[in-house]
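*Asks:* Before I ask anything, let me first share the structure, which is written out below as structure tokens.
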Amino acid sequence: MSKYDIIVLGSGPGGYVTAIRASQLGFKTAVVEKESLGGVCLNWGCIPTKALLKSAQVFEYLKHANDYGLSVKEFDKDFNAVVKRSRGVAEGMSKGVQFLMKKNKIDVIEGFGTLKPGKKVEVEGKEYSADHIIIATGARSRELPSLPQDGKKVIGYREAMTLDKQPKKMIVVGSGAIGVEFAYFYNSMGTDVTIVEFLPNIVPVEDEDVSKQLERSFKKRGIQIMTSSEVTKVDTSGKGVKATVKTSKGEEALEADIILSAVGIKTNIENIGLEDVGIAVDREKILVNNYYQTNIPGYYAIGDVTPGQALAHVASAEGILCVEKIAGMHVEALDYGNIPGCTYASPEIASVGLTEKQAKEKGYDIKVGKFPFSASGKASAAGTKDGFVKVIFDAKYGEWLGCHMIGAGVTDMIAEAVLGRKLETTGHEVLKAVHPHPTMSEAVMEAVADAYGEVIHL
């Protein structure tokens, strides 16, 4: 039996990052992976979707070349080539993780891993033991009883990335990050897209102003949006698919080539041996403390399988914190109230902290500032005037309670608010930090100035 200090089950952005940090700290480390290094994120999620979205964005630039004083006489899209490029990007990233495993002297054990009592893992009939076993098995597309996925006419995100033929019509069920990103991509490619959302607003976890702006932007693009609506039945017996949608005004029938189910994720915790070891689970999530220890000593869990936000950067941060605690380092528990969320459609969305509604519900007396990109010189020059930056401060102490952005490139801007909140920056300190001109980031300073009645460019 091979013996390790740490075995990590799963090699997604939680697992492989955890393994690398463990190796850096001097632990003899192994990773168990049943498919491709990098997990869903690198192979079927974060990375390849961004490649698809970039192709869509470039295609849109070509369509609007005249807006920039340019003349492009002939151009077209090759849907299969777009998909192929995306897969190539994913493959390159996965090879990059292979290199990192070798560089950090981490053993990669290929196959499906099952937890065993006594701090052991069984992979393809062979047992491995470790002082510490970290579960990082991630999640997959959730299926609704009313929307069973057949992989052909009713699909999840994985199939949506590798269709061999572009659909003429698509229904996207669910408007979280996955749903709206694919809605944008397929709409840009020329597919007729309808979004069906159960809740009253699309991107329902976002600030209401952001949700309304995205809805306006999407409708302007020709995306149909049905909120407070639910798919109750699907019929795949014909050439395409028929969906019965229950709305506030009654039932409506929709027809499409394909339905994309984007209604959330389901944790990968089945058949990995949790019951055999006695690890506690609640509502499909493995229960852990602030340092990701389960109720059974020597077993830990990070990432999507735990109750925190199901985001790649959260999984990575949890894994690093977990192994640093194992190494005896002084670590602070992760602040889940300061985790940025990003959606990479066009316009992009980025947010951190409390929404305006949440701040009011918590009883804060607040100052709210907002700066539209229509007033930004950089946005006007770039032709990306849709959207705004919105900030929320506690009126009494100046604490930066929340920041919400929608517009071009905002996923690269939100880190300012995350860092500012981590360092307990006040609104006046943000105002005194000189922002470069002309940039999209000036909108953060201007939004803060608006909150304090000092805005210059509005």
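*Asks:* Tell me the strands (runs of 3 or more DSSP E) entirely within the stretch 197-256 that contain at least 1 residues that are out of contact with any strand residue (DSSP E or B) (no Cβ under 6 Å at 6 or more places or on another chain) and of a type outside the set (Lys, Arg).
*Replies:* 241-247, 250-256
*Asks:* Would you pick out the residues in the stretch 257-269 that are in a strand (DSSP E or B) and more than 18 Å from Thr191 (Cβ to Cβ)?
*Replies:* Residues satisfying the conditions are Ile265, Lys266, Thr267.
*Asks:* Same structure, new question: Among the residues of the stretch 68-78, count how many are touching a Leu at 6+ places or on another chain (Cβ under 8 Å) and of a type outside the set (A, V, I, L, M). Can you show your working first?
*Replies:* Step one: filter the stretch 68-78 for residues touching a Leu at 6+ places or on another chain (Cβ under 8 Å), giving 72, 75.
Still in the running and of a type outside the set (A, V, I, L, M): 75.
Qualifying residue count for the region: 1.
*Asks:* Let me ask you something else. How many residues does the stretch 234-254 contain that are open to solvent by 40 Å² or more (accessible area, probe 1.4 Å) and either in contact with a Ser or Thr (Cβ under 9 Å, 6 or more places away or on another chain) or within 12 Å of Val196 (Cα to Cα) (or both)?
*Replies:* Residues meeting the conditions: 7.
*Asks:* While we're looking at this one, here's another question. Condition check: small (Gly, Ala, Ser) and open to solvent by 20 Å² or more (accessible area, probe 1.4 Å). Does Gly26 satisfy that?
*Replies:* yes
*Asks:* In the stretch 97-147, which residues are crowded, with 18+ Cβ neighbours inside 10 Å, at pLDDT below 95 and of a type in the set (S, T, N, Q)?
*Replies:* Ser141
*Asks:* In this structure, does Ala301 turn out to be out of contact with any Lys or Arg (no Cβ under 7 Å at 6 or more places or on another chain), more than 29 Å from Lys28 (Cβ to Cβ), surrounded by 20 or more Cβ atoms within 10 Å (Cβ to Cβ) and touching a residue at least 24 places away in the same chain (Cβ under 8 Å)? Please lay out each step first, then the result.
*Replies:* On the way: out of contact with any Lys or Arg (no Cβ under 7 Å at 6 or more places or on another chain): yes; more than 29 Å from Lys28 (Cβ to Cβ): no; surrounded by 20 or more Cβ atoms within 10 Å (Cβ to Cβ): yes; touching a residue at least 24 places away in the same chain (Cβ under 8 Å): yes.
Taking the combined requirement at face value, the residue does not satisfy it.
*Asks:* While we're here: Considering each residue of the stretch 208-222, count those that are of a type outside the set (S, T, N, Q), over 18 Å from the mean Cα position of the chain (by Cα) and crowded, with 23+ Cβ neighbours inside 10 Å, and give that number.
*Replies:* 1
*Asks:* Does Ala51 qualify as being under 22 Å from the mean Cα position of the chain (by Cα) and small (Gly, Ala, Ser)? Quick ask: steps written out before the conclusion?
*Replies:* On the way: under 22 Å from the mean Cα position of the chain (by Cα): yes; small (Gly, Ala, Ser): yes.
In short, yes.
*Asks:* Return the residues of the stretch 177-207 that are within 15 Å of the chain's Cα centre (by Cα) and surrounded by fewer than 20 Cβ atoms within 10 Å (Cβ to Cβ); say none if nothing qualifies.
*Replies:* Listed by number, the residues that qualify are Pro204, Val205.
*Asks:* OK, next. With the condition being more than 28 Å from Ala301 (Cα to Cα), I'd like the helices (runs of 4 or more DSSP H) fully within the stretch 1-117 carrying at least 3 qualifying residues. Give the steps one after another, and end with the answer.
*Replies:* Working: elements: 15-24, 39-44, 46-63, 79-103.
Those helices (runs of 4 or more DSSP H) span 46-63, 79-103.
The values are calculated or read from the model by the stated rules, or taken from the named source; none is laboratory data. A quick note: this is a predicted structure, and the numbers were derived from the prediction, not measured. For neighbour counting, all protein chains shown are included, and Cβ atoms are generated from backbone atoms with ideal geometry for every residue, glycine included. The accessibility values were calculated without ligands, DNA or RNA, using every heavy atom of the protein model including side chains. Shrake-Rupley method; radii C 1.70, N 1.55, O 1.52, S 1.80 Å.
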